[in-house]
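**Student:** So that we are looking at the same thing, I have put the structure below in structure tokens.
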Amino acid sequence: VFSTRVGGDLQYKGTTLSVNMETLQNYTYFSALSTPIVNNESISTFRHSVGVRQHSGNIQLFSAVLRQKFKLGILHWDSELAYQASSNQDVLPVPAFTGYTNLYLSFRIAKVLGVEFGADARYFTEYYAPNYSPLTGMFATQNPEGERVKVGNYPIMNVYANFHLSKCRFYVMASHINETFMTGRSFLVPHYPINPMTIKFGISWTFHN
């Protein structure tokens, strides 16, 4: 496998633009396979497996990532927007646009308790995302000659609160909160839905001798 990558970054204050162009030759990957069969009950179905593939040609992968960090007093707003393009979506599929934004307040109470309270969201456009294969524990591209499933075009929103007191850190989060008021296909991977809204909390305590 041969890989050639050219890129650069432009930065001004809290804004960063990264542009990269990569060429891959003899790219190797896992591919999901579906073989039509008739089972013992005379029902037409498919036998699923995973094959190792190597693309003999060149694949061009382009990406442009814009990152912005904004701060006004205790208000923070961090965002990232990315555009990607692959010359062969069957071999190396990528979503055209992805986005992440995190809006939060960061302050201290009585100069000892650090607090972060905010919400974040992730989004990507529809594309034929790789399947997860339990056979190998790896991801494999969907078979272009079979029935393929698109995922994406659905945001994932979380609300959280982080606290830091001396050597102790603890947090509370409501993940996938938009499930309570939105409808859509909430999938990151084909056939594996995202968990509904879940309340999470945790604590971390560092001990020093």
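The values are calculated or read from the model by the stated rules, or taken from the named source; none is laboratory data. Just so you know, these numbers come straight off a predicted model, no measurement behind them. Glycine gets a Cβ as well: all are built from the backbone with ideal geometry, and neighbour counts include every protein chain shown. Keep in mind that these areas ignore ligands, DNA and RNA; they rest on the heavy atoms of the full protein, side chains included. Shrake-Rupley method; radii C 1.70, N 1.55, O 1.52, S 1.80 Å.
**Student:** Only residues in the stretch 133-149 that are basic (Lys, Arg) count as the first member; pair them with residues that are surrounded by 12 or more Cβ atoms within 10 Å (Cβ to Cβ), Cβ under 7 angstrom, at least 6 apart or cross-chain, and list the lot.
**Tutor:** Matching pairs, first to second residue: Arg148/Tyr128; Arg148/Gln142.
**Student:** Anything in the stretch 72-88 that is surrounded by 15 or more Cβ atoms within 10 Å (Cβ to Cβ) and either modelled with pLDDT under 95 or over 25 Å from Gly14 (Cβ atoms) (or both)? List them, or say none.
**Tutor:** Ser86, Asn88
**Student:** Tally the residues that are surrounded by 13 or more Cβ atoms within 10 Å (Cβ to Cβ) and in a strand (DSSP E or B), restricting the search to the stretch 16-49. Please lay out each step first, then the result.
**Tutor:** Within the stretch 16-49, the first condition is being surrounded by 13 or more Cβ atoms within 10 Å (Cβ to Cβ), and the residues that meet it are 16-27, 29-34, 46, 48-49.
Those left that are additionally in a strand (DSSP E or B): 16-25, 29-34, 46, 48-49.
Residues flagged as surrounded by 13 or more Cβ atoms within 10 Å (Cβ to Cβ) and in a strand (DSSP E or B) within the stretch 16-49 amount to 19.
**Student:** Mind checking which pairs have a first residue in the stretch 41-53 that is farther than 24 Å from Leu92 by Cβ and a second that is outside any strand (DSSP E or B) and open to solvent by less than 100 Å² (accessible area, probe 1.4 Å), Cβ under 8 Å, 6 or more apart or different chains?
**Tutor:** Going by the 8 Å Cβ cut-off, the qualifying pairs are Thr45/Asn39; Phe46/Gly146.
**Student:** Give the stretch 110-140 a look and list any residue that's of a type in the set (Asp, Glu), farther than 21 Å from Ser86 by Cα and open to solvent by 30 Å² or more (accessible area, probe 1.4 Å), or say none. Break it down into steps so the answer makes sense when it comes.
**Tutor:** Pass one, the stretch 110-140, residues of a type in the set (Asp, Glu): 116, 120, 126.
So of that shortlist, the ones also farther than 21 Å from Ser86 by Cα come out as 116, 120.
Glu116 - this is the single residue of the stretch 110-140 that is of a type in the set (Asp, Glu), farther than 21 Å from Ser86 by Cα and open to solvent by 30 Å² or more (accessible area, probe 1.4 Å).
**Student:** Same structure, new question: Give me the pairs: first residue in the stretch 188-205 and in contact (Cβ under 8 Å) with a residue 60 or more places away in the chain, second residue loosely packed, with under 10 Cβ neighbours inside 10 Å, beta-carbon distance under 6 Å, and six or more apart or on different chains, which are they?
**Tutor:** Final answer for the pair search is none.
**Student:** Within the stretch 143-165, is there a residue that is in a loop (DSSP other than H, G, I, E, B), under 30 Å from Gly114 (Cβ atoms) and either open to solvent by 50 Å² or more (accessible area, probe 1.4 Å) or of a type outside the set (S, T, N, Q) (or both)? It would help to see each step written out before you state the result.
**Tutor:** Filtering the stretch 143-165 for residues in a loop (DSSP other than H, G, I, E, B) gives 143-150, 152-155.
Okay, now just the ones that are also under 30 Å from Gly114 (Cβ atoms), so 155.
So of that shortlist, the ones also either open to solvent by 50 Å² or more (accessible area, probe 1.4 Å) or of a type outside the set (S, T, N, Q) (or both) come out as 155.
Scanning the stretch 143-165, I find at least one residue that is in a loop (DSSP other than H, G, I, E, B), under 30 Å from Gly114 (Cβ atoms) and either open to solvent by 50 Å² or more (accessible area, probe 1.4 Å) or of a type outside the set (S, T, N, Q) (or both), so the answer is yes.
**Student:** Still on this structure: Take the stretch 90-126 and flag every residue that is without any contact (Cβ under 8 Å) to a residue 24 or more places away in the chain, closer than 24 Å to Leu165 by Cβ and part of a strand (DSSP E or B). Talk me through it step by step, then tell me what you get.
**Tutor:** To start, the set of residues in the stretch 90-126 that are without any contact (Cβ under 8 Å) to a residue 24 or more places away in the chain comprises 100, 108-111.
Remaining after also requiring closer than 24 Å to Leu165 by Cβ: 108-111.
Within the stretch 90-126, Arg108, Ile109 meet the criteria.
**Student:** Would you say Phe207 is farther than 24 Å from Tyr132 by Cβ, open to solvent by 50 Å² or more (accessible area, probe 1.4 Å), of a type in the set (Phe, Trp, Tyr) and assigned to a loop (DSSP other than H, G, I, E, B)?
**Tutor:** Details: farther than 24 Å from Tyr132 by Cβ: yes; open to solvent by 50 Å² or more (accessible area, probe 1.4 Å): yes; of a type in the set (Phe, Trp, Tyr): yes; assigned to a loop (DSSP other than H, G, I, E, B): yes.
It is true that Phe207 is farther than 24 Å from Tyr132 by Cβ, open to solvent by 50 Å² or more (accessible area, probe 1.4 Å), of a type in the set (Phe, Trp, Tyr) and assigned to a loop (DSSP other than H, G, I, E, B).
**Student:** On to the next question. Among the polar types (S, T, N, Q) and in contact (Cβ under 8 Å) with a residue 24 or more places away in the chain: is that true of Ser87 in this structure?
**Tutor:** On the way: among the polar types (S, T, N, Q): yes; in contact (Cβ under 8 Å) with a residue 24 or more places away in the chain: yes.
Against the criterion (among the polar types (S, T, N, Q) and in contact (Cβ under 8 Å) with a residue 24 or more places away in the chain), Ser87 qualifies.
**Student:** Same structure, new question: Being open to solvent by 100 Å² or more (accessible area, probe 1.4 Å) and not in a loop (DSSP other than H, G, I, E, B) is true for just one of Gln11, Gln68. Which residue is that? Don't jump to the end; show me each part of the working.
**Tutor:** Working: Gln68 fails: open to solvent by 100 Å² or more (accessible area, probe 1.4 Å).
Within the list Gln11, Gln68, the selection yields Gln11.
**Student:** Tell me, yes or no, whether the stretch 165-172 has at least one residue that is touching a residue at least 24 places away in the same chain (Cβ under 8 Å), within 29 Å of Gly51 (Cβ to Cβ) and polar (S, T, N, Q). Please lay out each step first, then the result.
**Tutor:** Step one: list which residues in the stretch 165-172 are touching a residue at least 24 places away in the same chain (Cβ under 8 Å), which gives 165-172.
Now narrow it down to the ones that are within 29 Å of Gly51 (Cβ to Cβ): none.
No - not one qualifying residue is present in the stretch 165-172.
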